[in-house]
Amino acid sequence: MIMDVPQDKAQRAQALRETLDRYNREYYVLDAPSVPDAEYDRLFQELQALEAEYPQLLTPDSPTQRVGGAALSELSPVTHRVPMLSINTETDKSAQGALSFDARVRRSLGLDESDPPVEYAAELKFDGLAINLRYEHGLLVQAATRGDGQTGEDVTHNVRTIDQIPLRLLGNSPPVIEVRGEIYMRRDAFERLNARQRSMGAKTFVNPRNTAAGAIRQLDPTIARQRPLSFFAYGLGESQGWTRPSSHAAMLDALAGFGFPVCTHRCVTEGPEGLIAFHAKIEALRPDLPYDIDGVVYKVNDFALQEELGFVSREPRWAVAHKYPAQEEMTRVLDVDIQVGRTGALTPVARLQPVFVGGVTVTNATLHNEDEVRRKDVRIGDWVIVRRAGDVIPEVVSSVPDRRDGSECEFVMPTECPICGSHAVRGEDEAVTRCSGGLFCPAQRKQALIHFAGRKAMDIEGLGDKLIEQLVDNAIVKTPADLYKLGVLGLAGLERMAEKSAANVVAAIEKSRHTTLQRFIFALGIRNVGEATARDLARYFGSMDAVMTAELDALQAVPDVGPVVAQSIHDFFAEPHNREVIEQLRAAGVDWPEHEPAQAPDGPLVGKTLVVTGTLPAMTRDDAKAMIEAAGGKVAGSVSKKTDYLIAGEAAGSKLDKAQQLGVTILDEAGLRALVSDAVSTDATSDEAPPQKNLF
Ligand code: IVH
């Protein structure tokens, strides 16, 4: 027991030291942080505050007394000739942060109100990793990480792979100069890298900073080379035989002259007002910057004044980092809900313990789809890292498996829609699971009704989005069939519904009762069934019953209906709710003329897809099309892997090129004729009955 220190405080300080030590090692030594920076900063500040209140608690090995972690043994250690220090962080509200820094500087310099304002250099605080680049006689001889500030690691082999870092300085170079700055990864480079990882089925990276840090500390430089890194210079280490400029701003200009990238978002200003304006300007710019920053840095511009101010403990008195709200925070997943979107897509959404991130309180974040939940290994009850960069929708970056206590449970994608109980189906090559409830599902109902009433569907004039919303919200209309039960009374009392307009809407609904099969099929809003497909289905099957009972094969026989579309149609009618709504609509008097189904296709080209292009010598393209369809084949508009034959005439263009690329068989008009008769003769030699005679 330490005298005068409450036991709980002493225990807390001990626990904080241990936790921070571990986080430090994970972050600096292993490049595998398990918590976001903001969490680390918070614990660090808590420990600092405890040590300030009870100085007896301060131990020489406290994380507050050193900078970062020790060097890894695999890379050789480098002792910094000039220690690489850290900067004090100001987290106060925008104006206050700059004001208190200025006040501290003035006090330390012994300035009073009558003295002129201090000149500052303001720049960005890049979110990457600090590096010391040593040049001797203009040649890059060594690059070292910061490590613990005294000793870093030799990473020259990786740094040499960074195009932005000069291997030889421009102009007259001093015998020795050490340039310091930040290695970082641009957001677009990071996105590209992750897209590549995904396409290879490999693990994706968490954020640009960790990716850059991980690359720099690789033993094999080819890995760093594959991760495009960038660099900004912002400081100096040792120098010999060089007359250093007299200010920070002049030094940055000199570094730019040596060939280093120096960020252009910087300014020299007097007093705290300019700093405040810079802070605000950069905050507005932050979402559009091509790289991550976590704040701005203010530095006393004049080097002589910097020397006068000196250091306190591990930090210079002449600089401060003024941070922005963290873009990453840690919180818990209380539950995972399912949101049903317009098209019936079921999206898992993490309900979060409210957390302040990126300047707003976030209570939920999308998990996109089932695969993303697995990839990020997010479980209900997990601690997760939540990111909100710029105006982007908050997202869960990853889980923090270290923090599990065994009570977490895996998320299971429901097999039924949580809103309506219909089957939820995930297509074979799709990431999205969808509710098959269609018209029946309330979440999809509004959208479905809007579509149903649309001009190209049932064409119900006056039944607009606003009205449909009210009808659904007031539970007046649940399915399109309910529309036909609506009287003027049902509409009266709704917002902006005078008796006259109510009567008009009712009349429009009445009028829509007598429609066409094509309009009716389109109005159902079956996925992948647009106007043209609805027309083809109506023409081909002739009646609603025939469409509803068609098997996949029969559906695919319809011109332009492929396996995907056929499956959507089949799924839609397999759902009892959908059939029920159709029955109700018929019972409500919705009708259309029907006809006998077209003859089932037959002929030598059944199952074959052909594309016709160019000018054929003896037939029009429509003739060719008719010939192919009569032989049971399908005619498609564009060449793809699924094309069996391209029929090419004179002046065939890009379709011919594409077919050649894809190795599609290319025939001329004679070839087409031969194909039709050839196929006939092949079939005719078989034991089966000769195929039905076609038009040609
Ligand atoms: S100056 C003695 N300027 O922030 C001052 N640092 O906490 C030395 N950083 O290790 C640092 N942008 O990784 C400085 N414009 C900037 C910076 C910057 C980012 C990082 C750097 C450093 C840490 C200090």
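The values are calculated or read from the model by the stated rules, or taken from the named source; none is laboratory data. A quick note: this is a predicted structure, and the numbers were derived from the prediction, not measured. Here the Cβ positions follow ideal geometry from the backbone for every residue, glycine too, while neighbour counts run over all protein chains shown.
Summary table below
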read-out: Check on residue 120, over 26 Å from residue 313 (Cα atoms) and among the aromatic types (Phe, Trp, Tyr); value: no
read-out: Pick from the stretch 617-642, criterion in contact (Cβ under 8 Å) with a residue 24 or more places away in the chain, part of a loop (DSSP other than H, G, I, E, B) and surrounded by fewer than 20 Cβ atoms within 10 Å (Cβ to Cβ), ranking: farthest from the chain's Cα centre (by Cα); value: 618
read-out: Residue in the stretch 315-326 that is within 30 Å of residue 125 (Cα to Cα), in contact (Cβ under 8 Å) with a residue 40 or more places away in the chain, in contact with a strand residue (DSSP E or B) (Cβ under 8 Å, 6 or more places away or on another chain) and surrounded by fewer than 17 Cβ atoms within 10 Å (Cβ to Cβ) present; value: yes
read-out: Matching residues, the stretch 225-244, being under 18 Å from residue 188 (Cβ atoms), away from the ligand (no atom under 15 Å from the Cβ) and in a loop (DSSP other than H, G, I, E, B); value: 227, 228
read-out: Where residue 298 falls short, out of the listed (1) within 11 Å of the ligand (Cβ to nearest atom); (2) part of a loop (DSSP other than H, G, I, E, B); value: (2)
read-out: All strands (runs of 3 or more DSSP E) inside the stretch 310-375 with 2 or more residues being more than 16 Å from the ligand (Cβ to nearest atom); value: 328-340, 345-357, 360-366
read-out: Residue among 83, 116 that is surrounded by fewer than 18 Cβ atoms within 10 Å (Cβ to Cβ) and within 16 Å of the ligand (Cβ to nearest atom); value: 83
read-out: Any hit, the stretch 452-462, residues being at pLDDT below 90, surrounded by 12 or more Cβ atoms within 10 Å (Cβ to Cβ) and not in a loop (DSSP other than H, G, I, E, B); value: no
read-out: Tally, over the stretch 335-349, of residues that are of a type outside the set (Asp, Glu) and closer than 15 Å to residue 412 by Cα; value: 7
read-out: Residue 283 being touching a residue at least 60 places away in the same chain (Cβ under 8 Å), closer than 21 Å to residue 152 by Cβ, out of contact with any Gly (no Cβ under 7 Å at 6 or more places or on another chain) and acidic (Asp, Glu); value: no
read-out: Flag for residue 303 being within 14 Å of the ligand (Cβ to nearest atom), modelled with pLDDT under 95 and not small (Gly, Ala, Ser); value: no
read-out: Boolean, residue 176 is more than 16 Å from the ligand (Cβ to nearest atom), farther than 19 Å from residue 212 by Cβ and at pLDDT below 95; value: no
read-out: All positions within the stretch 148-161 that are touching a strand residue (DSSP E or B) at 6+ places or on another chain (Cβ under 6 Å) and surrounded by 17 or more Cβ atoms within 10 Å (Cβ to Cβ); value: 151, 152, 153, 155, 156, 159
read-out: Residues that are within 28 Å of residue 287 (Cα to Cα) and either of a type in the set (S, T, N, Q) or surrounded by fewer than 19 Cβ atoms within 10 Å (Cβ to Cβ) (or both), drawn from the stretch 162-179; value: 163, 164
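Matching residues to (1) surrounded by fewer than 16 Cβ atoms within 10 Å (Cβ to Cβ); (2) assigned to a loop (DSSP other than H, G, I, E, B); (3) modelled with pLDDT under 90:
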site	(1), (2), (3)
15	yes, no, no
18	yes, no, yes
23	no, no, yes
61	yes, yes, yes
64	no, no, yes
71	no, yes, yes
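To keep it simple, each residue is scored yes or no on (1) part of a helix (DSSP H, G or I); (2) among the charged types (D, E, K, R); (3) touching a helix residue (DSSP H, G or I) at 6+ places or on another chain (Cβ under 8 Å).
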{"position": "534", "(1), (2), (3)": "yes, no, yes"}
{"position": "547", "(1), (2), (3)": "yes, no, yes"}
{"position": "568", "(1), (2), (3)": "yes, no, no"}
{"position": "571", "(1), (2), (3)": "yes, yes, no"}
{"position": "596", "(1), (2), (3)": "no, yes, no"}
{"position": "611", "(1), (2), (3)": "no, no, yes"}
